[in-house]
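> Can you keep this structure in mind? I'll have questions shortly.
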Amino acid sequence: MSNDENTAPLGRVFGEIRENWGWLLGFGILSVILGVIGLGMAAFITLASMVFYGIVLLIGGAAQFIHSFKASGWNAKLWHMLISLFYVIAGVVVVRNPVLASGLLTLFLAGAITAVGAARIIMAFQMKGTAGWGLILLGGIMALVLGIMIFTHWPSSSLVVIGLFISIELIANGWSAITVAIAARSASQA
């Protein structure tokens with residue numbers, strides 16, 4: 001294979017990122033730094049994200065309410081208005097009491113993570129003997145343990161769980177961006 005044949009698929013994979021990999025690398029590094037900082041500020045990030053979510057609910061509810069007046073002749077106009085009212089009420093509750101909102105959301109997340117863990121464990125045993133079933137089992141056990149840990153420390157866990165999840169996601173996203181940037185740089189040099 002010629003050198004052009006080797007780089008052509010990489011060109012299709014990375015596109016313009018090959019020339020602009022530095023921006024992606026910078027974004028990745030910034031994301032990791034913010035995620036690490038966020039690990040130390042998990043309670044603040046949890047409450048800030050709840051307030052932001054409440055504001056989004058308020059804006060969405062208000063927009064839907066305004067839209068309901070532009071929907072003359074619609075049979076479901078009253079229901080549309082009622083839904084917008086629920087959004088506004090939820091937004092007010094979340095903004096006024098972000099601790100309560102984070103507690104309820106954390107409880108929901110704990111239940112979802114526990115259920116996912118149990119489902120993965122069952123799926124792993126159904127796949128027993130196939131390649132990778134042990135990793136599925138391990139993932140299921142980890143999710144189940146995480147869900148139980150959140151439940152057993154609830155409601156105090158509700159002040160940090162959401163902030164930790166956001167921070168961990170920032171770190172994972174940053175590492176992914178860094179990895180892609182480095183691969184794109186290598187492709188541009190090839």
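> Looking for something within 29 Å of Ala172 (Cβ to Cβ), in contact (Cβ under 8 Å) with a residue 24 or more places away in the chain and in contact with a helix residue (DSSP H, G or I) (Cβ under 8 Å, 6 or more places away or on another chain) - is there at least one such residue anywhere in the range 79-86?
no
> Could I ask something else about it? Part of a loop (DSSP other than H, G, I, E, B) and surrounded by fewer than 14 Cβ atoms within 10 Å (Cβ to Cβ), is that true of Gly129?
Judged against the criteria, Gly129 is a match.
> Got a sec? Which of Ile162, Ile182 is more than 19 Å from Gly38 (Cβ to Cβ), of a type outside the set (Ser, Thr, Tyr) and modelled with pLDDT under 90?
Unique residue meeting the criteria: Ile182.
> Let me ask something additional. Consider only pairs whose beta carbons are under 7 Å apart and that are at least six residues apart or on different chains; among these, list those whose first residue lies in the range 96-113 and is in contact (Cβ under 8 Å) with a residue 24 or more places away in the chain and whose second residue is among the polar types (S, T, N, Q).
Correct list of pairs: Ser102/Thr46; Ser102/Ser158; Gly103/Ser158; Thr106/Ser157; Thr106/Ser158.
> Do we have any residue at all in the range 18-25 that's surrounded by 16 or more Cβ atoms within 10 Å (Cβ to Cβ), within 30 Å of Leu104 (Cβ to Cβ) and modelled with pLDDT of 60 or more?
no
> Checking the condition under 20 Å from the mean Cα position of the chain (by Cα), more than 21 Å from Leu47 (Cβ to Cβ), buried (at least 18 other Cβ atoms within 10 Å of the Cβ) and of a type outside the set (D, E, K, R), which residue from Gly147, Gly103, Gly139 passes?
Being under 20 Å from the mean Cα position of the chain (by Cα), more than 21 Å from Leu47 (Cβ to Cβ), buried (at least 18 other Cβ atoms within 10 Å of the Cβ) and of a type outside the set (D, E, K, R) holds for just one of Gly147, Gly103, Gly139, which is Gly147.
The values are calculated or read from the model by the stated rules, or taken from the named source; none is laboratory data. Everything numeric in this text was worked out from a predicted model, so none of it was measured. Please note: Cβ atoms are built from the backbone with ideal geometry, for glycine as well, and neighbour counts cover all protein chains shown.
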